[in-house]
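Here's the structure we're looking at; comments come further down.
The values are calculated or read from the model by the stated rules, or taken from the named source; none is laboratory data. This one's a predicted model, so the numbers in the text were calculated from it and none came from an experiment. We place every Cβ from the backbone using ideal geometry, glycine too, and count neighbours over all the protein chains shown. The protein model used for the area step is the full one, side chains on, heavy atoms only, and it has no ligands, DNA or RNA in it. Shrake-Rupley method; radii C 1.70, N 1.55, O 1.52, S 1.80 Å.
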Amino acid sequence: MSVEVYKTDIQQITCATLPTKWGLFDILGFEREVDSECGARIETAVALIMGDLKNLPPLLRIHSQCLTGDALGSVRCDCRGQLELAMKTISREGAGILIYEFQEGRGIGLMAKLRAYALQDKGFDTVEANEHLGFPIDRRDYVLPVEILKHLGIRKVRLLSNNPDKYAALVNGDVQVVERIPCEVLPNPYAKKYLLTKKLRLGHALSLV
Ligand SMILES: [Zn+2]
């Protein structure tokens with residue numbers, strides 16, 4: 001993997017209100033400049049915030065972009081279900097933060113993800129498909145969400161996630177996870193094999209009942 005250098009600290013670009021199906025959030029835009037062997041680029045993410053985050057360690061969901069699931073309604077994965085569950089859970093409590101970042105396809109990008117889907121159509125599982133294409137199984141890192149939390153002065157969270165890597169990234173970034181709350185939705189038959197692979201090969205805390 002190429003070495004990346006952060007040219008600027010994370011910057012909050014703006015804040016606007018975002019009325020949603022699950023209530024009124026503020027949407028904050030963040031960006032920073034990154035230099036790597038592949039050239040300079042701007043890395044962005046948004047944070048959706050509801051309510052007072054100072055009362056309790058806030059509910060936190062870190063959601064990686066999934067165009068096919070989040071926007072197109074694909075049920076090959078559980079992304080959209082998890083996104084909706086997280087927003088509902090935050091709304092029910094009246095407070096929390098959802099960081100939406102753009103590491104599509106576990107960080108390999110949309111075109112590579114679609115190529116991996118094509119292999120999965122031929123019987124590969126999600127791990128085998130990535131390996132066959134020469135990609136890491138999961139290329140994501142969560143440095144940017146951790147920086148956003150620090151920028152917002154959030155040092156303790158209740159994490160809505162099944163993913164051990166997100167938990168570890170927060171702890172390694174000095175953000176205390178006082179509770180891990182499962183973010184599991186009823187599996188669609190199309191997603192069952194994918195979710196089972198996430199459970200058995202990637203260590204995700206899924207019950208799949
Ligand atoms: Zn997805």
Could you tell me which residue of segment 47-99 is farthest from Thr17 (Cα to Cα), considering only residues that are among the β-branched types (Val, Ile, Thr) and more than 16 Å from the ligand (Cβ to nearest atom)?
-> Thr89
Can you tell me which residues in segment 118-163 are in a loop (DSSP other than H, G, I, E, B), open to solvent by 60 Å² or more (accessible area, probe 1.4 Å) and of a type in the set (Asp, Glu)?
-> Asp141
Condition test on Arg201, is it more than 18 Å from the chain's Cα centre (by Cα) and either at pLDDT 95 or above or open to solvent by less than 10 Å² (accessible area, probe 1.4 Å) (or both)?
-> no
Kindly indicate whether any position in segment 20-43 is of a type in the set (Lys, Arg) and under 16 Å from Thr89 (Cβ atoms).
-> yes
Does at least one position in segment 92-103 carry a residue that is without any contact (Cβ under 8 Å) to a residue 12 or more places away in the chain and of a type in the set (Lys, Arg)?
-> yes
So which of Lys166, Lys199 ends up being farther than 30 Å from Gly51 by Cα, among the charged types (D, E, K, R) and outside any loop (DSSP other than H, G, I, E, B)?
-> Lys199
How many residues are part of a strand (DSSP E or B) and touching a helix residue (DSSP H, G or I) at 6+ places or on another chain (Cβ under 6 Å) if we restrict to segment 60-97?
-> 4
Specify the residue that is most open to solvent (accessible area, probe 1.4 Å); the eligible residues are those in segment 72-92 that are touching a strand residue (DSSP E or B) at 6+ places or on another chain (Cβ under 6 Å) and more than 23 Å from Tyr194 (Cβ to Cβ).
-> Ser91
Any idea how many residues of segment 21-50 are closer than 28 Å to Leu85 by Cβ and in contact with a strand residue (DSSP E or B) (Cβ under 7 Å, 6 or more places away or on another chain)?
-> 17
Check on Val178, modelled with pLDDT of 95 or more and more than 18 Å from the chain's Cα centre (by Cα) | yes
Of the conditions (1) without any contact (Cβ under 8 Å) to a residue 40 or more places away in the chain; (2) open to solvent by 20 Å² or more (accessible area, probe 1.4 Å); (3) part of a strand (DSSP E or B), Gly29 clears all except one; give me its number.
-> (2)
